[in-house]
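The values are calculated or read from the model by the stated rules, or taken from the named source; none is laboratory data. What you see is a predicted model; the values in this text were computed from it and never measured. Reconstructed Cβ throughout: ideal geometry from the backbone, glycine too, with neighbour counts over all protein chains shown. Heads up: the accessible areas ignore ligands, DNA and RNA and are worked out on the full protein's heavy atoms, side chains in. Shrake-Rupley method; radii C 1.70, N 1.55, O 1.52, S 1.80 Å.
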Protein chains: 2
Amino acid sequence: MSNTPLKGAAVIGQSGGPSAVINASAYGVIKTALESEYITKVYGMHHGIKGMLNDELLIMDEEDPKELERLLYTPSSALGSCRYKIADPDVDDTDYKRILEIFKKYDIRYFFYNGGNDSMDTCNKISKYCQKVGYECRVMGIPKTIDNDLFGTDHCPGYASAAKYIATSCMEVYKDATVYDNPQITVVEIMGRHAGWLAGAAALATAFGAGPDLVYLPEVDFDLETFSADVERVYKANGGKVLIAVSEGIHYADGRFVSEAETSATDGFGHAQLGGLAVKLADYLKKRTGAKVRGIELSLLQRCGAHLASGVDLAEAELAGRAAVEAAVSGKTDYMVAFKCSREGGKYVCETELLPLSEVANYEKKVPLEWINADHNGVTQEFIDYVLPLIQGAPERPTEQSLPRYAKLKKVLAK
Amino acid sequence: MSNTPLKGAAVIGQSGGPSAVINASAYGVIKTALESEYITKVYGMHHGIKGMLNDELLIMDEEDPKELERLLYTPSSALGSCRYKIADPDVDDTDYKRILEIFKKYDIRYFFYNGGNDSMDTCNKISKYCQKVGYECRVMGIPKTIDNDLFGTDHCPGYASAAKYIATSCMEVYKDATVYDNPQITVVEIMGRHAGWLAGAAALATAFGAGPDLVYLPEVDFDLETFSADVERVYKANGGKVLIAVSEGIHYADGRFVSEAETSATDGFGHAQLGGLAVKLADYLKKRTGAKVRGIELSLLQRCGAHLASGVDLAEAELAGRAAVEAAVSGKTDYMVAFKCSREGGKYVCETELLPLSEVANYEKKVPLEWINADHNGVTQEFIDYVLPLIQGAPERPTEQSLPRYAKLKKVLAK
């Protein structure tokens, strides 16, 4: 860490799965960097770290400021994303040599990377490599993941907007799925392979009077018999109407994902199916109850539902980007921006703090077991109290003929 | 038809699949009826015509006017819906005798029924029966169907909100599905068994810069080889990124639905699958191209997405309900309220008119073949010009902690 002003170019990359507000973080970085007297030029990596390796950098200084501002309301990664796991530099330093070459070519002294666990690992490795070879570059990670599983931060930008999409959609599906006087079982499948933050958000809908009767998270083992008994109890109590939310990552005690479990006489499923988990469970319940069933997978919709983005999430995503640049310019390096929040007395306060990258990279934060109810088919009030402040607010979004108006970037390639 | 003022109670029923604005029509009926000097009491059928047959009528006069107003923003059928095909009275008049009994019990002189083709048929039969037995009751049908397939009206309440949901979602999915630099084929499945109005709305997303490359409607035969060639052409031109929208009702030339087609060596599919059409087509394209694929079914979400409801649709749905009551009170009976619209010079004007029930019941309105492009993989500008005015406007909706606040009805049963 140095307090000496460092002059040079900055580069921002987006990595991993997109979110509704990932571009708000990019905007926070780009705008703050463009305004900084120490940052000489601002580049965007075309498709994340692959853009570095391929020498494909986009010149942000060339973009129309009005279009850049529309990044706030544009879902998914406007610069392009990638899923690229960088090697361990002690094993293979090819990529690092190449990155250093590009750093030198464009005099890059500020490296901002926006992503989840893997991205923080990438940041950490690049930072360590630069230190090792004596190239001064300030490296900052900016959290982003709808999965909300980054360690050390109260929550991650992107999560709240997905949670709000899930809660709102569950309320609407509840209204639709309970409209007839016939039995109907509806299963909604929600993202989250290892952590149940997103599936748990479905319980917000229930807390507001129109949501799933049962919610299953991947933090606890799934048992088909217990599940069947849960459903039958609700079925009887509610005149055959049951709404169920499941995380895509629910798994049996032996670790097998329910979504991938093989056909067998014992697990009660019919034939191997290509349809997802929701359809699979719905079909199982159809055979068991004879009710009309429907499986709904929220799929990409929950990840990119910018039209329902949370105002809090949007503002915090931008804040995280801004804070990263400010910290780097002030001399910090090798950190991830994190959120430290208080919800005391129902008042939500959120501040940024910096966490060493080495402490956050590659750890997964799961839903605490005490936030899952005793029957393992729902969440507790603590979970609701945690997520509710995060989904507040609905910013006015630019539209054109009542459809979203997204940022249109020129994407001028640096040479 | 009579111009004599008719005094008595009114009843409103909702039938068939719900929509985002069906309750706006109910509100239009209920509010206008409550204010009418000729209507003595306003009842709601609990689960449509089945509520009549079961003597389950809800007293709307007992509801809090503020909660009734929230019906405007509450998706799905607040009174409950049904799918009940009433018999031909010449074959079996049991139901009609029962309905007449209930009419007499509550002195019902105004009958309003909100639904699609089947509901208009129900209206027509009840009206004819009342005339036959000499019971004076004014019967009015109010159109409602997201499928937009009712005959004689420019469009149907409910359609535009679903169309807007589809277009917006396709724009967001496009952003998400094109974010990596790897090939990815995404197939979005849209409702509409026989008419392609909803699937065609996906082309709005394309018209605004972020939508499907290919759109398939059920008005024309689907051919797997032509489809494959279409996809491969886009695949090559777009670096492996293809977004496809299909109507659930696409079918082969021999009439078989693609979604239900049996496994065979000739149709190119693998094993029979329970997943829907989108997954089936995506899997087929995966085998053919090796690309990463994803099938997304918009499912119930497109039908009940009230948070994205069109302001025009909402206002027109309420207008249709109000117009039905006003016409009935003024002496009209045996009509459906329809919309007569002009789009001349880019100016959209919509007026209600009355069509005899016998002329609209049981006909299906499909997308005109000249609005489908020559390659049968998209729609023409005429289609866009038709639908664009309908999706305009976004009313401010009541929320509670940034989640939807729906109407809470007491549902007091009449005795």
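Data table
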read-out: Alpha carbon centroid spacing (whole Å) that separates segment A:350-380 from segment A:179-200; value: 21 Å
read-out: Placed amide H near B:ILE372: partners under 5 Å, 5+ positions off or other chain; value: B:THR380
read-out: Förster radius 56 Å - calculated FRET efficiency between A:ASN54 and B:GLU353 (Cβ-Cβ, nearest 0.05); value: 0.35
read-out: Between segment A:114-134 and segment B:107-152, the alpha-carbon center distance in angstrom; value: 68 Å
read-out: Teacher prompt: B:TYR38 distances to equivalent labels in other copies, 7 Å Cα→Cβ, nm; value: 7.9
read-out: Rh (Kirkwood; distinct C-alpha pairs) - chain A, Å; value: 22.4 Å
read-out: Student exercise, the protein assembly as shown dipole from Lys, Arg, Asp, Glu Cβ charges, in Debye to nearest 20; value: 680 debye
read-out: Rounded to whole Hz, the Karplus (6.51, -1.76, 1.60) HN-Hα couplings of segment B:361-376, x for glycine and proline; value: 4, 6, 9, 10, 9, 9, 5, x, 4, 6, 8, 9, 5, 4, 7, 6
read-out: Contour excess over end-to-end distance, with Cα ends at B:TYR135 and B:ASP375 and 0.36 nm allotted per residue; value: 80.9 nm
read-out: Segment A:86-128 - Debye-derived log10 I(q)/I(0), Cα point model, q = 0.20, 0.21 Å⁻¹; value: -0.65, -0.72
read-out: Radius 12 Å from Cβ of A:GLY321, net charge of other residues (Lys, Arg +1; Asp, Glu -1); value: 0
read-out: Principal axes of segment A:118-240: Cα extent on each, largest first, Å; value: 71, 29, 18
read-out: GNM top mover of A:TYR159, A:TYR180, A:TYR106 - chain A, alpha-carbon springs below 10 Å; value: A:TYR180
read-out: Förster radius 25 Å - calculated FRET efficiency between A:LYS85 and A:TYR252, Cβ distance, rounded to 0.05; value: 0.35
read-out: Distant-in-sequence amide H partners of B:ILE296 (H built 1.01 Å from N, under 5 Å); value: B:VAL187, B:VAL188, B:GLU189
read-out: Residues with amide H under 5 Å from that of B:ARG138, placed H, sequence gap 5 or more; value: B:TYR110, B:PHE111
read-out: Positive minus negative residues near B:PHE339 (Lys, Arg vs Asp, Glu; Cβ under 10 Å); value: -3
read-out: Alpha-carbon Rg with Dmax, taken over segment B:1-133, Å; value: 14.3, 45
read-out: Listed residues B:ASP90, A:ASP176, A:ASP385, B:ASP154 arranged by accessible area, highest first, probe 1.4 Å; value: B:ASP90, A:ASP385, B:ASP154, A:ASP176
read-out: Geometric extent, Cα atoms of the protein assembly as shown - Rg, Dmax (angstrom); value: 28.3, 98
read-out: Phi-based couplings in Hz for segment B:188-202 (Karplus 6.51, -1.76, 1.60; Gly and Pro marked x); value: 10, 9, 10, 5, x, 6, 10, 10, x, 4, 6, 4, x, 5, 4
read-out: Pairwise Cα inverse-distance average, inverted: Kirkwood Rh of segment B:349-415 (Å); value: 17.5 Å
read-out: Net charge contributed by nearby residues that have their C-beta within less than 11 Å of A:ALA78 (K/R +1, D/E -1); value: +2
